[in-house]
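Colleague: Dropping a structure here in structure tokens format, bear with me for questions.
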Amino acid sequence: MPKEQSGPLRLDGDGKPLWLSLELTYRCPLKCSWCNNPLDFDDYAANELSTEEWKQVLRDARGLGALQLGFTGGEPLVRDDLEELVAYADSIGFYTNLITSGIGLTEARLVALKAAGLKQIQLSLQAMTPGLNDALVGARAHALKLEAARMIKAHGFPMVLNMPVVKQNIDEVDATIAFAAELGVEYIELANVQYYNWALVNREELMPTLEEIRRAEATVKRWRDKLGDSMTIYFVIPDYYEGRPKACMNGWGAIHLTLAPDGVAMPCQEARVIPGLQFHSVRERPLAWIWHESPLFRKFRGNEWMKEPCRSCDERDKDFGGCRCQAFLLTGDAANTDPACSRSPRHAVVLEATSAATRPMRFQRPIIKRSAASVSTAFMHKG
């Protein structure tokens with residue numbers, strides 16, 4: 001894979017941000033305890049980009065070569081201008097995806113989104129058991145989610161059903177796949193949560209054991225054998241158990257560009273957890289400059305920044321040293337090897353976390369739900 005060295009920018013996608021993620025808002029009716037939104041998410045509500053500012057972002061990103069577009073949040077349906085933004089994105093050549101909890105998705109909005117040119121919808125579902133689903137998200141949401149799923153398919157949208165997998169719902173994998181198969185869902189993503197922000201705060205309570213993961217894997221295999229090509233089933237194993245880090249975002253600043261609600265451009269949605277980085281908003285700098293020239297996007301491109309053992313590792317152009325945000329959160333230095341890697345000298349912090357998942361009497365503290373009232377508690381726990 002070509003990487004940026006001392007010469008011109010050469011990355012996957014020929015230096016283009018092929019995947020654009022617009023976090024239209026951090027507002028959301030749910031309070032998921034593994035949410036990736038910032039712990040201080042409420043501070044962004046008054047500073048969201050306007051409709052016209054988002055349209056400028058779309059024009060600029062398209063000019064950079066972006067092709068795939070995800071409207072996300074928070075909950076993007078909170079924005080009254082979602083249909084207008086979808087229509088504009090479609091008109092300038094984006095393949096558009098809506099990533100939603102389904103809360104607020106009415107038939108009227110689905111019709112409007114279809115007319116606007118929306119191409120695909122990803123819907124989250126936390127469990128098939130109503131009480132468990134609602135307990136996990138902190139709201140009466142289960143019935144609304146099932147109805148949203150049925151409406152999405154009734155209107156002919158290709159659909160990804162996303163189940164964030166944690167200890168509390170891992171035994172729901174079988175029932176969730178069965179529901180997706182009955183509904184005719186094209187894709188189901190069973191994604192063991194990654195431990196950032198709210199999920200890191202709650203890691204001891206949320207992390208499944210390796211035995212539970214292997215049991216879920218066996219369930220997935222059984223369904224794959226049964227369904228064949230009629231539905232694609234993704235099962236994303238947590239890198240804590242894999243011994244090798246994930247190729248996060250296909251490398252920092254390689255093909256992925258995230259825009260936060262306040263217009264700050266980031267290589268990934270977690271980048272703000274790393275202190276000492278300079279972030280720029282599209283209100284301050286052109287998007288092309290941010291992508292190509294800003295110190296933020298150039299910080300961890302290529303492999304010149306790598307320390308040992310990554311620098312001399314024969315897998316460095318495969319996993320890019322793993323996740324910079326996870327490296328910071330678990331070791332205090334974003335330039336360290338991601339400790340999910342068994343070759344990391346700090347791998348012990350991951351082994352300790354997976355060991356804790358097997359300890360009896362783990363659930364001594366209630367799970368902290370994503371809410372403004374929980375922010376001080378979350379920060380105190382992180383410290």
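The values are calculated or read from the model by the stated rules, or taken from the named source; none is laboratory data. Note that this is a predicted model, so its numbers are computed, not measured. Neighbour counts run over all protein chains shown; Cβ positions are idealised from the backbone, glycine included. Just so you know, the surface numbers come from the protein's heavy atoms only, side chains and all, with ligands and any DNA or RNA stripped out. Shrake-Rupley method; radii C 1.70, N 1.55, O 1.52, S 1.80 Å.
Colleague: Mind giving me the nanometre distance, one decimal, between the label points for residue 175 and residue 317, set 7 Å out from Cα along Cα→Cβ?
Modeller: 4.8 nm
Colleague: Rounded to whole Å, give me the distance from the Cα center of segment 311-328 to that of segment 67-106.
Modeller: Segment 311-328 and segment 67-106 have Cα centres spaced 32 Å from each other.
Colleague: A further question follows. Roll a 1.4 Å probe over the protein chains and send me the accessible area per residue for segment 202-360 in Å². Spell out each step's value before the answer.
Modeller: Details: 6880 Å² over 159 residues.
Here the residues of segment 202-360 average 43 Å² of exposed surface.
Colleague: In sequence order, what are the phi-derived ³J(HN,Hα) couplings for segment 119-127 according to the Karplus relation 6.51 cos²θ - 1.76 cosθ + 1.60 with θ = phi - 60°, rounded to whole Hz, with x for glycine and proline?
Modeller: 9, 7, 10, 10, 10, 8, 9, 8, 5
Colleague: Subtract the Cα-Cα distance of residue 289 and residue 342 from 0.36 nm times their separation in residues, and report this length gain in nm to one decimal.
Modeller: Numbers: separation 53, 0.36 × 53 = 19.08 nm, distance 3.68 nm.
Result: 15.4 nm gained on full extension.
Colleague: Using a/c under 1.5 as the rounded threshold, could you call segment 141-269 rounded, prolate or oblate? The axes a ≥ b ≥ c are square roots of the C-alpha gyration tensor eigenvalues, and prolate needs a/b larger than b/c, oblate otherwise.
Modeller: Values: a/c = 1.63, a/b = 1.20, b/c = 1.36.
Cα axes put segment 141-269 in the oblate bin.
Colleague: Which whole-Hz couplings ³J(HN,Hα) result when phi for each residue of segment 98-103 is put into the Karplus expression 6.51 cos²θ - 1.76 cosθ + 1.60, θ = phi - 60°, listed in order with x for Gly and Pro?
Modeller: So the Karplus estimates, Gly and Pro as x, are 10, 10, 9, 7, x, 6 Hz.
Colleague: What dipole magnitude, in Debye to the nearest 20, does the chain give about its Cα centre under +1 on Lys/Arg Cβ and -1 on Asp/Glu Cβ? Could the numbers behind the result be given before it?
Modeller: On the way: 45 positive and 48 negative charges, 109 e Å.
That gives the chain a dipole magnitude of about 520 debye.
Colleague: Take the alpha carbon gyration tensor of segment 188-234, find the square roots of its eigenvalues, order them as a ≥ b ≥ c, and report rounded if a/c is under 1.5; if not, report prolate when a/b exceeds b/c, else oblate. It would help to have the intermediate numbers written out before the result.
Modeller: Working: a/c = 5.80, a/b = 2.05, b/c = 2.83.
Note, shape of segment 188-234 comes out oblate.
Colleague: Starting from the 7 Å offset along Cα-to-Cβ, what nm value, one decimal, do you get for the label separation of residue 244 and residue 308?
Modeller: 2.3 nm
Colleague: Right, another one. Show the residues, 5+ positions off or on another chain, whose built amide H is closer than 5 Å to the amide H of residue 235.
Modeller: Those lying under 5 Å, H to H, from residue 235 are 190.
Colleague: If you don't mind, there's one more thing I want to ask. Rg/Rh for segment 75-131: what does it come to with C-alpha atoms and Rh from Kirkwood?
Modeller: Values: Rg = 12.3 Å, Rh = 12.0 Å.
With Rg and the Kirkwood Rh in hand, the quotient comes to 1.02.
Colleague: Ranking request for peptides 197-204, 305-312, 115-122: highest mean number of other beta-carbon atoms within 10 Å first, then the rest in descending order.
Modeller: Details: 197-204: 22.4, 305-312: 14.6, 115-122: 18.5.
Output ranking for 197-204, 305-312, 115-122: 197-204, 115-122, 305-312.
Colleague: Considering only DSSP beta bridges with both partners in the chain, what is the antiparallel share in %, to the nearest 5?
Modeller: 10 percent
Colleague: Given 10 °C and 1.306 mPa s, how large is the Stokes-Einstein diffusion coefficient of the chain in µm²/s, with Rh as the Kirkwood radius over Cα pairs? Write down the numbers at each step before the final one.
Modeller: Numbers: Rh = 21.6 Å.
The diffusion coefficient I find is 74 µm²/s.
Colleague: To continue, here is another question. Report, in listed order, any pair from 16/246; 55/114; 145/226; 31/221; 246/307; 16/145 with a Cα-Cα distance greater than 24 Å. Before the final figure, lay out each step's value.
Modeller: Numbers: 16/246 21 Å; 55/114 19 Å; 145/226 26 Å; 31/221 32 Å; 246/307 18 Å; 16/145 35 Å.
The pairs that break the limit, which is 24 Å between Cα atoms, are 145/226; 31/221; 16/145.
Colleague: Under a plain spin-label model, where a point goes 7 Å from the Cα along Cα-to-Cβ, how far apart in nm are residue 111 and residue 143?
Modeller: For the pair residue 111/residue 143, the computed spacing is 2.4 nm.
Colleague: Just subtract the alpha-carbon distance of residue 236 and residue 52 from 0.36 nm times their residue separation and send over the number in nm, one decimal.
Modeller: Details: separation 184, 0.36 × 184 = 66.24 nm, distance 3.66 nm.
Here the answer is 62.6 nm.
Colleague: Short version: ³J(HN,Hα) in whole Hz for each residue of segment 83-97, in order, from phi by Karplus 6.51 cos²θ - 1.76 cosθ + 1.60 (θ = phi - 60°), x for Gly and Pro, what are they?
Modeller: 4, 5, 5, 4, 4, 5, 4, 5, 5, 9, x, 7, 8, 9, 10
Colleague: Of all the accessible heavy-atom surface of the chain, with the other protein chains kept in place and a 1.4 Å probe, what percent is carbon and sulfur?
Modeller: 52 percent
Colleague: Could you tell me which of 297, 123, 309 has its Cα farthest along the dipole of the chain towards the positive end, charges placed at Cβ (Lys, Arg +1; Asp, Glu -1), taken about the Cα centre?
Modeller: So the residue furthest toward the plus end is 309.
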